[in-house]
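The values are calculated or read from the model by the stated rules, or taken from the named source; none is laboratory data. The shown structure was predicted, so the numbers you read here are calculated from the model rather than taken from an experiment. Because the Cβ atoms are built from the backbone with ideal geometry, glycine has one as well, and the counts that use them run over all protein chains shown. Note: areas computed on protein heavy atoms with side chains; ligands, DNA, RNA excluded. Shrake-Rupley method; radii C 1.70, N 1.55, O 1.52, S 1.80 Å.
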Amino acid sequence: MLADYAVRVEGSRGRRFPELAHAYRNDFQRDRDRVIHARAFRRLEAKTQVFTRRYSDHFRNRLTHTIEVAQISRTIAAQLGLNVDLVEALALIHDLGHPPFGHAGEISLDAVMRQHGSTFDHNLHALRIVEDFEIRYAAFRGLNLTFEVREGIIKHSRDYPPDQFPELAEYLLEQRPPIEAQLIDLTDEIAYDTADLDDGYEARLISLKDIRAGVPVFERFCAEVEKLYPHAIEKLKFNEALKRVFDRLVSDLICNTRCQIEKSGIRTLEDVRSHSKRLAGFGSCADAERRELKQFLYKNLYFSSALEPEKEDAERVIGELFAFWMDNPESLPQSYQEKAAQEPLPRVVCDYIAGMTDTYIYEQYDKYLVEKR
Ligand code: MG
């Protein structure tokens, strides 16, 4: 069933600490299950995707977004003859390193780290979680995931220049990741572009009229839906059009990736790894449509005044708590105080904050910075 260019579990470079084979689950299936049973995975439920709970319980949080990414990724991987188990594990893990407060939280945490001469990168943080912070097994620290899953964590969304990241040398930085990993960033984008349009419309922050005027691909399908269901209520017309946009992007990604593989003469996984560029991607027409949709969301949703309070909260709460723990490291939990003996304090504070849910970071803010005033 697997294409020649797919990753084969029996060809895995293996785990850091060798383990006996399982009776009926292969190594990528075991990795998927380890991710699902991780504490960091459960915390995704209380981390913002775009909308905080003050809007509605109906909207996506980072956990439901992750499940959507896994569903889309599995469908596409199966069509392309890729390793579905590996793709599923990579999709479930792709946002594990996200800090509280969605995108604004990531920007705020990166900004405070830059004041200390460092950075915050959610992929690298996810790697620290699975290598070090999750403690579940007596024989080793971390989840002891296979090489291919750890490689996919850092390479799914960007390339890391080998000269700038010598500590990541084991992940073959000069090579492209397998197509299984290349897919994730694209399925992530299909998931959030369509979901954010859905939640933004439901929250009444963007109207059907604005979407039709600002997103040509949506308008094209909406006109078709108008003809098919002239008497349907507006919300259902919206749903029908959105469903078609979603399907258009998924189908194009499958079709264009297959076409790229054929055109470039790729036969094996080694060919994929040594190819000059990534092979998974949209065709130029769908890519332009995707960009228009994304620009619309930036302008009308992510940077809208309605979501401004969320961004201000992220900056204020993360910035002030970071400064508080830098000044008062004795207020960190014992395990983080011990870490501070081995690593720079800003990194330890960053790790602590990055792991928090939206709920927990507000509790900490109230405890240390509101009640004491
Ligand atoms: Mg994501």
- [ ] Return the long-range amide H neighbours of Asn61 (sequence gap of 5 or more, or a different chain), with a cut-off of under 5 Å between placed amide H atoms.
- [x] none
TODO: Per residue of segment 345-355, in order, report the coupling 6.51 cos²θ - 1.76 cosθ + 1.60 (Karplus, θ = phi - 60°) as ³J(HN,Hα) in whole Hz, putting x for Gly and Pro.
DONE: 4, x, 5, 5, 5, 4, 4, 4, 5, 4, x
- [ ] May I have the convex hull volume per residue, in Å³, for the Cα set of the chain?
- [x] 156
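Once you compute Rg and the Kirkwood Rh from C-alpha atoms, what is the Rg to Rh ratio for segment 26-154?
Values: Rg = 15.4 Å, Rh = 15.5 Å.
Using Cα coordinates only, the ratio equals 0.99.
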Task: Residue with peak Gaussian network fluctuation, the chain [Cα springs, cutoff 10 Å], from Asp33, Asp199, Asp57 - done: Asp57
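Ordered by packing density, taken as the mean number of other Cβ atoms within 10 Å over each peptide's residues, highest first, how do 117-127, 173-183 rank? Walk me through the intermediate numbers first.
On the way: 117-127: 18.3, 173-183: 22.9.
Taking the mean over residues of other Cβ atoms within 10 Å, the ranking is 173-183, 117-127.
Which FRET efficiency, nearest 0.05, do Ser207 and Glu320 yield, Cβ-Cβ r, R0 30 Å? Don't skip to the end; give the middle numbers.
Details: r = 36 Å, r/R0 = 1.21.
It comes to 0.25.
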TODO: With a 1.4 Å probe and every protein chain left in place, tell me how much accessible area Arg258 has, in Å² to the nearest 10.
DONE: 90
- [ ] Keeping all protein chains in place, calculate the accessible area per residue for segment 95-186 (probe 1.4 angstrom), answer in Å².
- [x] 37
Open item on the list: Using a Debye calculation, one point per C-alpha and no hydration shell, please list log10 I(q)/I(0) for segment 5-78 at q = 0.28 Å⁻¹ in order.
Closed with: -1.28
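Carbon and sulfur: what percent of the chain's accessible surface (1.4 Å probe)?
Values: 9060 of 17460 Å².
The nonpolar share, carbon plus sulfur, comes to 52 percent.
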Task: Cα-derived Rg to Rh of segment 220-350, Kirkwood definition - done: 1.21
Task: Loop GluC sites (Glu not before Pro), segment 315-373, which have at most 14 other Cβ atoms in a 10 Å radius of their Cβ (DSSP) - done: Glu371
- [ ] List the pair-distance distribution P(r) of segment 309-370, using every Cα-Cα distance, as the percent of pairs falling in each 10 Å bin from 0 up to the bin containing the longest distance, rounded to whole percents.
- [x] 21, 58, 18, 2
Open item on the list: On a 31 Å Cα-Cα criterion, which of the cross-link pairs Lys47/Lys243; Lys339/Lys367; Lys227/Lys311; Lys155/Lys243 come out too long?
Closed with: Lys227/Lys311
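Would you please calculate the Kirkwood hydrodynamic radius of segment 131-227 over all C-alpha pairs and express it in Å, rounded to one decimal? List each step's numbers first, then the result.
Working: mean 1/r = 0.0582 Å⁻¹.
After inverting the pairwise mean of 1/r, the radius is 17.2 Å.
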